[in-house]
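The values are calculated or read from the model by the stated rules, or taken from the named source; none is laboratory data. Keep in mind the model is a prediction, meaning the values are calculated, not measured. Here the Cβ is made from the backbone with ideal geometry for all residues, glycine too, and neighbour counts use every protein chain on show. Quick note on the areas: whole protein, heavy atoms, side chains included, nothing else; ligands and nucleic acids left out. Shrake-Rupley method; radii C 1.70, N 1.55, O 1.52, S 1.80 Å.
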Amino acid sequence: MFRFFEGLVDPYGPYEQTDTPPRRLWPFLRDYVRPFRAVFAVTALLSILVASGDVALIWYVGRLVDVLAAGAPQAVWRDYGTEILLVGFAILVVRPILAGADVALLHNTILPNFGTMIRWRAHAHVLRQPVGWFESDFAGRISNRIMQTPPAAGEAVFQTFDAVTFAVVTIIGAAAVLGEADPRLILPLAIWFLLYGLLVRWTLRRAGPASKASSDARSAVTGRVVDAYTNIHSVKLFAHHDRELAYAKEKIEAARQTFMFEMRIVTKMDFALTVLNGFLIIAITGFAMVLWYNGQASVGTVAAATALVLRLNNMTYWIMWATTNLVQSLGVVAEGMETIAQPIALVDKPGAGAIKLTDGRIELQGVSHHYGRGSGGLQGLNLTVNPGEKIGVIGRSGAGKSTLVKLILRFYDPEDGRILIDSQDILDMTQESLRRQIGMVQQDSSLLHRSVRDNIMYGKPDASEAEMIAAAKHAEAHEFILNLQDPEGRQGYDAHVGERGVKLSGGQRQRVGLARVILKDAPILILDEATSALDSEVEAAIQDTLYGVMQGKTVIAIAHRLSTISAMDRIIVLDNGRIEETGTHSQLLAKGGLYARFWARQSGGFIGIEEDAAE
């Protein structure tokens, strides 16, 4: 039975992706509601039937009191026995079936699948955002919003069916029952309902913004806490335990203040509701007793009226809390939308095709990019890397080296100019097809918190075990991998490397990253300080491997250690976003310019960045 209800909606079913999700709450939720429309309709109907049944039971209690008071037991059983048995059957059989189906739809169909679908689609949307988008926010805050928005949306749907629908039906049913007894009993109910509606309106208008402020404050706390945990090595290295605690306390206190303000609203609401419900109990029960005293109402009417108002008294607290939770949940969803409903900042052109790589020629024509700041980055850069050519790129920090690489990978689109690969503008190609043709080893090889095997196979998921091991051997990684063991007892290639590969040394991470790129075997290779984390002995061993990997590929290598690029076909010297010098190692030394100064000033093979920047 559970599997039937759990499988009514597939949260991973196909859907139409959009680069610009709705930025308003209801249109945003409407896209997620579509697969659940039939389930929501049946759930609403069942909720109405269950709530109507509960009101009908209270009405029948009043009728039963009048029936029992009207005659002898034998006569009552003779005249009303069948009716009583049918009501008993409805209570024992029909009511549990309706309530069970309603609960199963809510708890087994809607709650598990609705939140899962939102989380799945939100994660898919966020993953499509460009690198620059992630660089502008905390990973902790992004993940927090991905995690807290789905359950909040599910809670909003749950409260709508479980509380709001139930409340509306109960109040309408109460009016019908009281009106049948005596229409005058509807008057105090109507007055109470008007005042109750005003209280709900007052609460919601304040609870919504307060809830969003609390959610924002919690996300800020998460961002600072995760930032400290992610950089725990720096925290410990600089002995800043107290400083980090104080840094987090600032946002924790802000979260406390926003939550206290939210709770003040709740306390005021609760007190006002207690007074309001006191009026409801006295007004309706007292009025019913007056009618009974004057012979205008039966004992059953007084009993039914009293049961109804006591039920309304208990229910209104629940409804107010449920309605407040509903608004709070919608506030959390609205806060989460600030992240998961942002339009994709860098998209493929409509009809973009896969890049067709023939030779591997890279051309930058008048390329400028300043990250929207008007300075820094690249300025009017013209560069051609011929097929199979291996160029080295050097320059001071901020000269534009990283920007050059990010633009070729299309992590950003150039603000001006074009980048062509084999005469194809990369803006006309899909981002995925472009990056499949480029292998890159970064200065800090960040690894996934998975096994060594998974990390290496990331370069070519369909590679064989033998190909994966061969790549590790070429990267001088096989021997140390065999000796790995993680805290769970997994060994060798099955050992997990920890978050960002923290359980490995810098050199080990770099070699696993090299193995991943070697396995990928892409025709264009970018090396960003590929051997900077290696000791001299391992670097010397890998250097030959790298040169072997470079054969037949177009290579761009960024380095501060000039010895690693001195044998390149050509060396480009960047300065202030422009090409200052170009030539072979010997040509640039003979020229006596920036490269010659870098070479003369390097210590242990590194550019004298600080000395030159100070001049």
TODO: Kindly provide the set of residues from segment 383-422 that are of a type in the set (Val, Ile, Thr) and open to solvent by 20 Å² or more (accessible area, probe 1.4 Å), ordered by number.
DONE: Thr384
- [ ] Might you let me know whether segment 415-430 holds any residue that is free of Cβ contacts under 8 Å to residues at least 24 places away in the same chain, within 30 Å of His369 (Cβ to Cβ) and more than 27 Å from the chain's Cα centre (by Cα)?
- [x] yes
- [ ] Please verify whether segment 91-104 includes one or more residues that are more than 30 Å from Thr301 (Cα to Cα) and touching a residue at least 60 places away in the same chain (Cβ under 8 Å).
- [x] yes
- [ ] Could you run through segment 1-36 and say how many residues are under 16 Å from Ala152 (Cα atoms) and aliphatic (A, V, I, L, M)?
- [x] 3
TODO: Determine, yes or no, whether Leu447 is within 20 Å of Ile558 (Cβ to Cβ) and among the hydrophobic types (A, V, I, L, M, F, W, C).
DONE: no
Task: For Leu178: the one exception among (1) over 28 Å from the mean Cα position of the chain (by Cα); (2) modelled with pLDDT of 80 or more; (3) of a type outside the set (Phe, Trp, Tyr) - done: (2)
TODO: For Arg435, work out the one condition from (1) among the basic types (Lys, Arg); (2) assigned to a helix (DSSP H, G or I); (3) open to solvent by less than 20 Å² (accessible area, probe 1.4 Å) it doesn't fulfil.
DONE: (3)
Open item on the list: Condition first: closer than 25 Å to Phe36 by Cα and surrounded by 20 or more Cβ atoms within 10 Å (Cβ to Cβ). Now tell me which residues in segment 120-143 satisfy that.
Closed with: Ala122, His125
Open item on the list: Can you tell me which of (1) surrounded by fewer than 16 Cβ atoms within 10 Å (Cβ to Cβ); (2) on the phi < 0 side of the Ramachandran plot; (3) in contact with a Ser or Thr (Cβ under 7 Å, 6 or more places away or on another chain) is the one Gly380 doesn't meet?
Closed with: (2)
TODO: Search segment 436-455 for residues that are more than 17 Å from Lys503 (Cα to Cα) and pair each with any residue that is outside any helix (DSSP H, G or I) and charged (D, E, K, R) when their beta-carbon atoms are under 8 Å apart and the residues are at least 6 apart or on different chains.
DONE: Gly439/Asp521; Met440/Asp528; Val441/Asp528; Gln442/Asp528; Gln442/Glu529; Gln443/Asp528; Gln443/Glu529
Open item on the list: Please count how many residues of segment 438-468 are open to solvent by less than 40 Å² (accessible area, probe 1.4 Å) and outside any loop (DSSP other than H, G, I, E, B).
Closed with: 10
Task: Which numbered condition Ile579 fails, given (1) at pLDDT below 85; (2) touching a strand residue (DSSP E or B) at 6+ places or on another chain (Cβ under 8 Å); (3) of a type in the set (Val, Ile, Thr); (4) open to solvent by 30 Å² or more (accessible area, probe 1.4 Å) - done: (1)
Open item on the list: Could you tell me how many of the residues in segment 481-512 are hydroxyl-bearing (Ser, Thr, Tyr) and either open to solvent by 50 Å² or more (accessible area, probe 1.4 Å) or in a loop (DSSP other than H, G, I, E, B) (or both)?
Closed with: 1
Task: Residue satisfying condition, being of a type in the set (D, E, K, R) and modelled with pLDDT under 85, within set Asp521, Asp612, Asp569 - done: Asp612
Task: Members of segment 277-296 found to be over 12 Å from Asp182 (Cα atoms), among the hydrophobic types (A, V, I, L, M, F, W, C) and open to solvent by less than 20 Å² (accessible area, probe 1.4 Å), listed by number - done: Leu280
TODO: Output yes when any residue across segment 297-313 is of a type in the set (S, T, N, Q) and open to solvent by 60 Å² or more (accessible area, probe 1.4 Å), and no when none is.
DONE: no
- [ ] Give the residue, chosen from Ile344, Ile355, that is closer than 30 Å to Leu29 by Cα and either part of a loop (DSSP other than H, G, I, E, B) or open to solvent by 30 Å² or more (accessible area, probe 1.4 Å) (or both).
- [x] Ile344
Open item on the list: Any residue that is over 37 Å from the mean Cα position of the chain (by Cα) and exposed (fewer than 13 other Cβ atoms within 10 Å of the Cβ) - is there at least one of those in segment 61-72?
Closed with: yes
Task: Within segment 165-248, helices (runs of 4 or more DSSP H) holding 1 or more residues that are open to solvent by less than 50 Å² (accessible area, probe 1.4 Å) and of a type in the set (Lys, Arg) - done: 186-230
